[in-house]
Amino acid sequence: MKPPYMPLAIAALAAGAIAAPSMYSNASGAACIPQHDPNPKQRAAGVSARSVGFIYGPSLIGEAAPFPNGTLGNARSRSDYNTWSIDRKKIDSLIANDTQAMGVSIQLNGGLKTWQDYEKVLYDGQLKNSNPRGVTPGMIANATQDLLFSMERLSEHPYAVRRVMANEALPFPLGNNLTAKIVGENATLESLRDSSRLFIVDHSYQKDYKLATVVERYPVACSAYFYIDSKSGDFLPLAIRTNVDMDLTYTPLDSANDWLLAKMMFNANDMFHAQMLHLVISHDVTESVHQAALHTLSENHPIMVILERLMLQGYSSRIVGEELCFNPGGHWDQLMVYSQFSCRDFVTDRWPIDGRFQGGYLENDLKARGLIDEKGESLFRSFPFYEDAKEIRDIYKAFFTTFINSYYGTENDLSGDFEIRNWFVEANTKAKGHDFPKEEQLTKDSLIDVLSHFAFATSVSHHSTNGGAPISSGTLPFHIPAIYTPIPKEKGVTDLMPYLPDAATAVHYLGFMASFNRPFYGDSGRALEDVFVTADSMTRLNSETNSAAKDFLTGMHNLSEKIRGRQFNNDGLSQGMPFIYRTLDPAYIPFFCAV
């Protein structure tokens, strides 16, 4: 049965909350492109004043996007932080109630003594306030299934996996006999690679990172092979290599404990990757581009109206990260596999690569990683992330197509908009963006793509990796954030308990993950489907845009209904997975980088 909820956006639409645009003069607030502004000198003066008041300051959390300084920049980040703090106080209160109840349950149980204790004591009837929709269905019950582990790479953790290309060297060896026993059909790594069925997630770069010293943990830097089974079409795990110490390679043919431990070690590395990558592909990417707009676009520009909506409290997150997550001895140093210094190193290293704007477009990214073909068709029988992400992007793109065409009747109208041309130049220079379209590439289509990806980054890119995703799908004990005892020097592990966080650390970790969740946004008009319907600024935009906003709401709501209607089939699968994927529900996730 689908959980009931009050679709605020639908109710608002029925009540006419998307108002027809007022016939404001520009002095009264109606947005327009610069060619149509009756007060060009006043407009130019406003742009100049804001450019002076916003200064590109040093990056936060590694060397990536600049952070706004100056009189206006400091006021903006302070205001955004204050807005963020309101929700943080609310979620902290909910978490405090939940962790207190969890602590009582642990005490009554006499601690966490078994694998099943982690599953039951930490989750059964717990986190009712901070995660009221509960954990991802099937994620705990089916945690040890190989299909769950592999399909997480195509749903919950989609940004690290890539295909091993036909012309590249194999990332690590695996004997032919062993490969054939696992895959069948006399398969080898080479034959899997050459038939486009071999995939890799490579976290070996993490072996160079530093451990936090607050709590004793042990390094691991796993790489993992996956493959497409020729008979079933399933996407399955093949091998996991630790890349540290004795550099052991594990496969599904090892003992159940050895193989499960290998997957858990991999998950610790994958958690680090996902959480740090989200900073680059959502916060840094959008802040860089938005700061360029702050220096070049009038507050009266219709595109600026949209960008400001998408950047709600946008300059709070990296301050919060510096204060609470990546500060010395902070949450990250206490809980995660590598230290806050390693987090900064990751951001610095990956900003020129994963911070590429056009390279981050959905199809561009997936094609570059060999996961879809030139026609945009998936290589997999089921690719849940792509299916939902593409639908969200397409709905956004339809909205922005109408929006842009309503303000620019022709390409000449766009080329005459010097503010937009200046924005493109600024993003590529002073804002230090990577791979943003050049001024000479400016067309209506390229501008639609820019806006679509900006909105995609504040919603899909952020909330597929952060937000409510970790507390829902990153369940203990399978998804551990770090390794708490030396990794084995040989196979034959008989007891997995030493590798798990103790009770206090487990509760701390769950509280920390819950702090990214915002379960009350759906009822307060801040979910993705609400982005335009609850925005007062929509009254400043034209009738065509407001009409497109209604279509946007309908499309997002329909996707939400589809996601909430997913169930297990008779084989215990949903979209070919032993868990139900609901991470990108537009009626749940925010439209902005909320945390």
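The values are calculated or read from the model by the stated rules, or taken from the named source; none is laboratory data. These figures come from a predicted structure and were not determined experimentally. So basically every Cβ, Gly included, is an ideal-geometry build from the backbone, and we count neighbours across all protein chains shown. Keep in mind that these areas ignore ligands, DNA and RNA; they rest on the heavy atoms of the full protein, side chains included. Shrake-Rupley method; radii C 1.70, N 1.55, O 1.52, S 1.80 Å.
For this structure, a couple of remarks:
- Counted residues, the range 317-367 - those being open to solvent by less than 10 Å² (accessible area, probe 1.4 Å), in contact with an Asp or Glu (Cβ under 6 Å, 6 or more places away or on another chain) and within 20 Å of residue 432 (Cα to Cα): 2
- Qualifying residue in the range 259-275 (condition: among the basic types (Lys, Arg) and open to solvent by 10 Å² or more (accessible area, probe 1.4 Å)): no
- Within the range 80-109, the set of residues being of a type in the set (Ser, Thr, Tyr) and open to solvent by 30 Å² or more (accessible area, probe 1.4 Å) comprises 81, 83, 93, 99, 105.
- Picking from residues in the range 448-469 that are farther than 15 Å from residue 286 by Cα and crowded, with 23+ Cβ neighbours inside 10 Å, the one that is farthest from the chain's Cα centre (by Cα) is 468.
- Test for residue 439: is it surrounded by fewer than 22 Cβ atoms within 10 Å (Cβ to Cβ), of a type in the set (D, E, K, R), farther than 30 Å from residue 148 by Cβ and without any contact (Cβ under 8 Å) to a residue 12 or more places away in the chain: no
- Residues satisfying the stated conditions in the range 213-236, i.e. closer than 28 Å to residue 488 by Cα and aliphatic (A, V, I, L, M): 214, 215, 220, 221, 224, 236
- Of the residues in the range 105-113, not one is closer than 18 Å to residue 317 by Cα, in a loop (DSSP other than H, G, I, E, B) and modelled with pLDDT of 95 or more.
- The helices (runs of 4 or more DSSP H) falling completely within the range 174-280 that include 2 or more residues that are under 27 Å from the mean Cα position of the chain (by Cα) and at pLDDT 95 or above map to 256-278.
- The residues in the range 224-251 that are surrounded by fewer than 21 Cβ atoms within 10 Å (Cβ to Cβ), among the small types (Gly, Ala, Ser) and either more than 23 Å from residue 381 (Cα to Cα) or touching a residue at least 40 places away in the same chain (Cβ under 8 Å) (or both) can be counted, and the count is 2.
- Being without any contact (Cβ under 8 Å) to a residue 12 or more places away in the chain and of a type in the set (Lys, Arg) is true of residue 41.
- Beta carbons closer than 7 Å, at least 6 apart along the sequence or on distinct chains, pair a first residue in the range 346-357 that is assigned to a loop (DSSP other than H, G, I, E, B) with a second that is at pLDDT 95 or above and of a type outside the set (Val, Ile, Thr) for 355/64; 355/284; 355/434; 357/433; 357/434; 357/435; 357/436; 357/453.
- One residue alone among 54, 67 is closer than 27 Å to residue 340 by Cα and of a type in the set (Phe, Trp, Tyr), and that residue is 67.
- Residues that are part of a helix (DSSP H, G or I) and surrounded by fewer than 17 Cβ atoms within 10 Å (Cβ to Cβ), drawn from the range 52-73: 52, 70, 71
- Yes/no for residue 158 being in a loop (DSSP other than H, G, I, E, B), open to solvent by 50 Å² or more (accessible area, probe 1.4 Å), in contact (Cβ under 8 Å) with a residue 60 or more places away in the chain and not small (Gly, Ala, Ser): no
- Every condition in (1) open to solvent by less than 10 Å² (accessible area, probe 1.4 Å); (2) without any contact (Cβ under 8 Å) to a residue 40 or more places away in the chain holds for residue 445 except the one numbered (1).
- Residue identified as within 19 Å of residue 137 (Cβ to Cβ) and among the hydroxyl-bearing types (Ser, Thr, Tyr) among 543, 537, 524, 574: 574
- Scanning the range 110-142 for residues that are in contact (Cβ under 8 Å) with a residue 12 or more places away in the chain, over 19 Å from residue 580 (Cβ atoms) and open to solvent by less than 50 Å² (accessible area, probe 1.4 Å) yields 111, 112, 115, 118, 121, 122, 126, 130.
- Among (1) open to solvent by 10 Å² or more (accessible area, probe 1.4 Å); (2) in contact with a Pro (Cβ under 8 Å, 6 or more places away or on another chain); (3) within 30 Å of residue 307 (Cα to Cα), the one test that residue 294 misses: (1)
- Residue match in the range 388-400 (condition: in a helix (DSSP H, G or I), in contact with a Leu (Cβ under 9 Å, 6 or more places away or on another chain), of a type outside the set (A, V, I, L, M) and under 25 Å from residue 76 (Cα atoms)): no
- Test: residue 481 is open to solvent by 50 Å² or more (accessible area, probe 1.4 Å), in a loop (DSSP other than H, G, I, E, B) and either within 30 Å of residue 245 (Cβ to Cβ) or modelled with pLDDT of 95 or more (or both): no
- Within the range 312-345, restricting attention to residues that are among the aliphatic types (A, V, I, L, M) and part of a helix (DSSP H, G or I), the residue that is modelled with the lowest pLDDT is 324.
- Taken over the range 548-582, the criterion of being open to solvent by less than 10 Å² (accessible area, probe 1.4 Å) and of a type in the set (Ser, Thr, Tyr) is satisfied by 560, 574, 581.
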